[in-house]
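One structure below.
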């Protein structure tokens, strides 16, 4: 019985001595962890404040700050376990291998990330702009790091990957502030073209939403087998564009009908 008691006492003494020897490292490691944690929080607030003062792009600055903070946290953790006496070489190698594996599996996402950075930096469009890209059109609601969010005219939300968006053609209807409508009406060969064009021009000049400068135009654009095709090109502000298109076609139909001018179906 005394042998067992002696072994227990010896075991306790050995572990107590080990704990006493190891306690400075333990205290130092946790001190670094706590101080580093609060230092990173303070650093994040300072950087955010600087970014707001410099008026950096909010989406890009937030993302870059988040990456920087996570890198600092990883560095803090590596420092913490190093102070505990744990070998960090193998740990760093594991992180590197994991990073490589994640990078290979997320090639598409990395492409979208790079596209998002390009869009935010070079600004081919901004939030609120009306654009056409990748076969869809709509108003830009949000430019995220990986996707751009659009709202279509029929109230559908579309997410376009930034990788394909940044590498394709983008039509920005809002960049210039004004926009020309390209409308067409086909009339019978029996119609008096001069009178027809005068009626259409009157319709255009009487619409207050249509700009006087640049000047609108009505021209013959094609001669088909059954009709004469007229190109109608009024100018409008972006916010009036849809209404101008609809009102122009409706008013031309009404006024031409009153004048007895026959509008032919498109051939």
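The values are calculated or read from the model by the stated rules, or taken from the named source; none is laboratory data. Treat the numbers as computed from the prediction; the structure is a model and nothing was measured. Heads up, the Cβs are rebuilt from the backbone with ideal geometry, glycines too, and the neighbour counts pull from every protein chain shown.
Just a few scattered comments:
- Of the helices (runs of 4 or more DSSP H) lying entirely inside region 155-267, the ones with 3 or more residues being exposed (fewer than 14 other Cβ atoms within 10 Å of the Cβ) are found at 193-206, 241-258.
- Filter pass, residue 74 being loosely packed, with under 14 Cβ neighbours inside 10 Å, under 30 Å from residue 116 (Cα atoms) and at pLDDT below 75: no
- Cβ-Cβ under 9 Å pairs, at least 6 apart or on other chains, region 243-263 side in contact (Cβ under 8 Å) with a residue 24 or more places away in the chain, far side assigned to a helix (DSSP H, G or I) and exposed (fewer than 12 other Cβ atoms within 10 Å of the Cβ): 251/206; 263/257
- Any hit, region 49-57, residues being within 26 Å of residue 123 (Cβ to Cβ), assigned to a helix (DSSP H, G or I) and in contact with a strand residue (DSSP E or B) (Cβ under 9 Å, 6 or more places away or on another chain): no
- Residues in region 170-195 that are touching a residue at least 24 places away in the same chain (Cβ under 8 Å) and within 18 Å of residue 126 (Cβ to Cβ): 170, 171, 172, 173, 174, 175, 177, 178, 179.
- Of all the listed residues (62, 45), the sole one being modelled with pLDDT under 75 and within 30 Å of residue 116 (Cβ to Cβ) is 62.
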